[in-house]
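To start, the structure itself, in structure tokens.
Values in this text are rule-based calculations from the coordinates and carry no lab data. Note that this is a predicted model, so its numbers are computed, not measured. Because the Cβ atoms are built from the backbone with ideal geometry, glycine has one as well, and the counts that use them run over all protein chains shown.
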Ligand code: SF4
Ligand code: MG
């Protein structure tokens, strides 16, 4: 089985001064298969959004490659680039800043249709209506401006915009974290239904594991620009191996208080170290309760511990 998206040793640096480089993403590899949802999880600053932006070509990698359908996305011809712009979309974290407040819903959602299809104005309008219905907004909203909508409604408009050109792959960058808790589940369920209906593939970025649990087939955990663990969802939640994943999971509130007492809570101590000029050691060493001498001298590689389950920790070797 060939992956739809292959990320191969991707790195993205940002030069912040003469001798300071922020290594936002450092040597990250993973695959995404058609029709699945891969959750990409980690604290803010771990490089998950930067990875997502490299996948949709908003950023150019410093090193490594992103392949879409087997082809390096940086090597596209003009025609291939046009196709890529249709097939690959992004839904942004902040529905307040990602939509132009002075554009009508019809124009926001219709922009991509105008750009990428030869539909007549009338047909384009019908398509916009259909898209709005798909995301639970009536056509009576067509000529309203995006600033007139609530956060949840704006995110629905953002989703309709992403769907307008019949994409295959969508990077969802924390699509619900700016929304009211009461509507988060609605938006997640909508994304799930749309995926089934339209055969979409998602990279779903979130900062905590509870959010991706219900939507992801596989989960990748990032810490300071590197992948520390990846597995299918069931395995990751039942049998986490990396101390950082365990700590993230123990921070999820447990519904059953009896369970909460017996389950071990792992406290992460210390600050997240800076990704600027990082040392060549385990990047979690400064906060890990199990740190050993070698963790401070060498960087553990991401290795397969059991089929489909990878972790980067000397304890797992
Ligand atoms: Fe902790 Fe060492 Fe494993 Fe890093 S390699 S997570 S410091 S035990
Ligand atoms: Mg982010």
Taking Cα atoms, the helix 121-134 axis meets the longest principal axis of the chain at an angle in degrees (rounded to 10) of 40
Note to self: C-alpha centroids of region 53-72 and region 145-183 sit apart, in Å, by 24
For region 47-195, shape from the Cα gyration tensor axes a ≥ b ≥ c, cut at a/c of 1.5 then a/b versus b/c, turns out oblate
Using alpha-carbon positions, the gyration tensor of region 118-199 gives root eigenvalues a ≥ b ≥ c; with a/c under 1.5 called rounded, otherwise prolate if a/b exceeds b/c, else oblate, the class is oblate
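Given region 5-230, what percent of its DSSP beta bridges are antiparallel, to the nearest 5? Show your work: numbers first, answer last.
Numbers: 21 of 39 bridges.
Bridges in region 5-230 that DSSP calls antiparallel: roughly 55 percent.
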Share (percent) of C-alpha pair distances in the chain greater than 30 Å works out to 38
Rounded to the nearest whole number, the Stokes-Einstein translational diffusion coefficient of region 93-158 at 4 °C and 1.567 mPa s (Kirkwood radius, C-alpha pairs) in µm²/s is 109
Rounded to whole angstrom, the alpha-carbon centroid of region 12-35 lies from that of region 214-242 at a distance of 19
In degrees rounded to 10, the 0-90 angle between helix 151-163 Cα long axis and the longest Cα principal axis of the chain is 80
In degrees rounded to 10, the 0-90 angle between helix 78-87 Cα long axis and the longest Cα principal axis of the chain is 80
Of all C-alpha pairs within region 1-110, those more than 23 angstrom apart amount in percent to 38
The residues 165, 128, sorted from fewest to most surrounding Cβ atoms within 10 Å, come out as 165, 128
Over the chain, the sum of -39500 (n - 2.57) across DSSP H runs of at least four, divided by residue number and rounded to 500 deg cm²/dmol, gives at 222 nm -9500 deg cm²/dmol
